[in-house]
Amino acid sequence: EDYEAQEVKKLIEKIRNGLGHWLTFVTEPDVESTNNRAERALREQVVLRKMFRTLRSAEGVQIHETITTMLATWKRRGLDPPEQLQSILGGQELRLG
């Protein structure tokens, strides 16, 4: 239908664009109905980033976020992060120090 008010048009468009994503938790048992788990997982990293201000480039932030997300996901799934990282590196042994 055609709506006259611009606010209503924007709301209808937002609803149509989000319908395929908003209720993912209904069909995917591993997805919570809220994003609280994701926010809690990121909280420590955000605080560290703000405290140390070490990530000054967009690329650095993206790399940091990617690595910490991978580590948190592996840990949450009960996987061994060093083992998973070694697997990604093509089986090469990790060298510490």
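The values are calculated or read from the model by the stated rules, or taken from the named source; none is laboratory data. For clarity, every value in this text was computed on a predicted model and none was experimentally measured. Because the Cβ atoms are built from the backbone with ideal geometry, glycine has one as well, and the counts that use them run over all protein chains shown. SASA here: full protein model, heavy atoms, side chains in, ligands and nucleic acids out. Shrake-Rupley method; radii C 1.70, N 1.55, O 1.52, S 1.80 Å.
For segment 1-28, which residues satisfy the criterion of being open to solvent by 100 Å² or more (accessible area, probe 1.4 Å) and within 30 Å of residue 61 (Cα to Cα)?
Matches in segment 1-28: 14, 17, 21, 22, 23.
Yes or no: residue 91 open to solvent by less than 70 Å² (accessible area, probe 1.4 Å), part of a loop (DSSP other than H, G, I, E, B), out of contact with any helix residue (DSSP H, G or I) (no Cβ under 7 Å at 6 or more places or on another chain) and at pLDDT 85 or above? Working first, answer last.
On the way: open to solvent by less than 70 Å² (accessible area, probe 1.4 Å): yes; part of a loop (DSSP other than H, G, I, E, B): yes; out of contact with any helix residue (DSSP H, G or I) (no Cβ under 7 Å at 6 or more places or on another chain): yes; at pLDDT 85 or above: no.
When the stated conditions are applied, residue 91 does not pass them.
Those residues that are small (Gly, Ala, Ser) and open to solvent by 80 Å² or more (accessible area, probe 1.4 Å), I need them from segment 29-47; list them, please. It would help to see each step written out before you state the result.
As a first pass, look at segment 29-47 and keep what is small (Gly, Ala, Ser): 33, 38, 41.
Listed by number, the list holds a single entry, 33.
Could you grab the pairs with beta carbons closer than 9 Å, sequence gap of 6+ or different chains, first residue in segment 28-56 and closer than 16 Å to residue 69 by Cβ and at pLDDT below 80, second one open to solvent by 80 Å² or more (accessible area, probe 1.4 Å) and part of a loop (DSSP other than H, G, I, E, B)?
48/54
Quick one: residue 25 ticks every box in (1) aromatic (Phe, Trp, Tyr); (2) under 29 Å from residue 85 (Cα atoms); (3) modelled with pLDDT under 80 except a single one, so which number is it?
The single condition residue 25 does not satisfy is (3).
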